[in-house]
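Data first, discussion second: the structure below is written as structure tokens.
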Amino acid sequence: MPNKFINPNLVVAQSELMQGQVVADLGCGSGFFTLPAAQMVGPTGTIYAVDVQESKLNATISIANQFNHKNVRIVQADLVKPLLQIPEHSCDLVIIGNILHEVSNAQALIKNAYRLLKNTGRILVVEWKKTASPFGPPLEKRLEQQKLEVLLMQSGLRKYKEVETDGYHYSVLFEK
């Protein structure tokens with residue numbers, strides 16, 4: 001087993017984000033992937049940090065402010081309901097980090113992500129490997145990589161590449 005946990009900076013860097021781009025981090029939690037994305041897109045870019053929990057959004061904006069990232073916008077929303085607070089076709093990248101195993105309807109969440117993507121947009125999904133580990137969600141809740149990729153393809157997305165993570169997670173980058 002690996003001794004290092006996932007590095008969000010390295011994962012987000014592999015998405016090939018550029019200055020000035022627009023990103024939605026769906027299920028942002030406390031900003032684990034939001035902050036590296038905010039740094040990569042710079043002051044001319046925008047990050048939508050989306051979560052259902054107000055406490056997580058408060059933590060995200062607090063940390064963003066500490067690092068002087070003025071480009072982070074918080075959005076409180078249920079990710080399996082239509083996400084209308086972010087303009088359609090406005091995002092260069094949508095991040096779905098470690099939350100598909102938690103939502104009641106993964107297909108609805110992916111549909112929301114697809115709606116947000118520009119025609120050339122990409123979706124970065126990080127999930128727990130379906131193998132035993134000393135932490136993380138129960139095995140029965142974890143989503144196998146092959147099943148995830150089928151869900152993404154059924155939504156009209158195509159695989160761009162696999163993204164290097166750690167021994168506990170897998171990550172894929174798909175494009176519209």
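Of note:
- When residues of segment 1-12 are limited to those that are out of contact with any Pro (no Cβ under 6 Å at 6 or more places or on another chain) and assigned to a helix (DSSP H, G or I), the one nearest to ILE99 (Cα to Cα): VAL11
- Residue in segment 14-37 that is over 23 Å from GLN146 (Cα atoms), of a type in the set (Gly, Ala, Ser) and out of contact with any strand residue (DSSP E or B) (no Cβ under 8 Å at 6 or more places or on another chain) present: yes
- Pairs are defined by a Cβ separation below 6 Å, a sequence spacing of at least 6 or placement on different chains, a first member in segment 122-143 that is surrounded by 12 or more Cβ atoms within 10 Å (Cβ to Cβ), and a second member that is charged (D, E, K, R) and assigned to a strand (DSSP E or B); the pairs so defined are ARG122/GLU175; LEU143/GLU127.
- Selection within segment 54-107 - in a helix (DSSP H, G or I) and surrounded by 15 or more Cβ atoms within 10 Å (Cβ to Cβ): LYS56, LEU57, ALA59, THR60, ILE61, ILE63, ALA64, ALA106
- Search result, residues across segment 144-158 that are surrounded by 14 or more Cβ atoms within 10 Å (Cβ to Cβ) and at positive phi: none
- Residues of segment 13-53 classified as in a helix (DSSP H, G or I), closer than 11 Å to VAL94 by Cα and in contact with a Phe, Trp or Tyr (Cβ under 8 Å, 6 or more places away or on another chain), total: 0
Quick note: the coordinates plus some simple rules give every number you see, no bench work behind them. The model shown is predicted, which means the values in this text are computed figures rather than measured ones. Because the Cβ atoms are built from the backbone with ideal geometry, glycine has one as well, and the counts that use them run over all protein chains shown.
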